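Here's the structure we're looking at; comments come further down.
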Amino acid sequence: MDQAIWATWYDLPKDGRADYLDWLHGEYLPSWQARPGIAWAAHYRSDGGGADMQKVRDTFPQSQGLEGVGTGTQFLTLIGAVEPWTLAAPSAIAQEAALTGTARKMLDLRQGVRPCLFSVFARVDGPEIDQRPAGT
């Protein structure tokens, strides 16, 4: 089960995108998944979502005009942790910021980076909770 999620929205330029995606899926996400307390990692690309998603974007504008908050929307990386402190102490965002070498080069390709840590405060499970497989 996951009690915390680290979400990072961002954009990528076309130049270098293939190398970044190869590195992300081949090295970076697997390295996070191998860490104690990390339950899963995922990566998504947004194709815009069509007319309904545009209505959502129009209703809830991005962080434009908020100083220091990225506006990336093309890609989303998610990392789930068993417990909140796995991502918070030390901060996963700070750990990522301290990376050097190839990792830094690849991460620096991202534009409009917008990270956020989410934590479960309370959870309500339905009557089928006992039918859920262990560890999910």
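The values are calculated or read from the model by the stated rules, or taken from the named source; none is laboratory data. Worth saying up front: this structure is predicted, and the values here are computed from it rather than measured. Note that each Cβ is placed from the backbone with ideal geometry, even for glycine, and that neighbours are counted across all protein chains shown. These area figures cover heavy atoms from the full protein model, side chains too; ligands, DNA and RNA do not enter into them. Shrake-Rupley method; radii C 1.70, N 1.55, O 1.52, S 1.80 Å.
Numbers for the structure displayed
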{"quantity": "Length added when fully stretched, Leu21-Leu76, from 0.36 nm per residue minus Cα-Cα", "calculated": "18.6 nm"}
{"quantity": "Share of carbon and sulfur in the accessible heavy-atom surface of region 66-136 [1.4 Å probe, %]", "calculated": "61"}
{"quantity": "Chain lengthening between Asp47 and Arg104 when straightened (0.36 nm per residue, less Cα-Cα)", "calculated": "17.9 nm"}
{"quantity": "Ala94 versus Ala34: modelled label distance in nm, points set 7 Å from Cα along the beta carbon direction", "calculated": "2.4"}
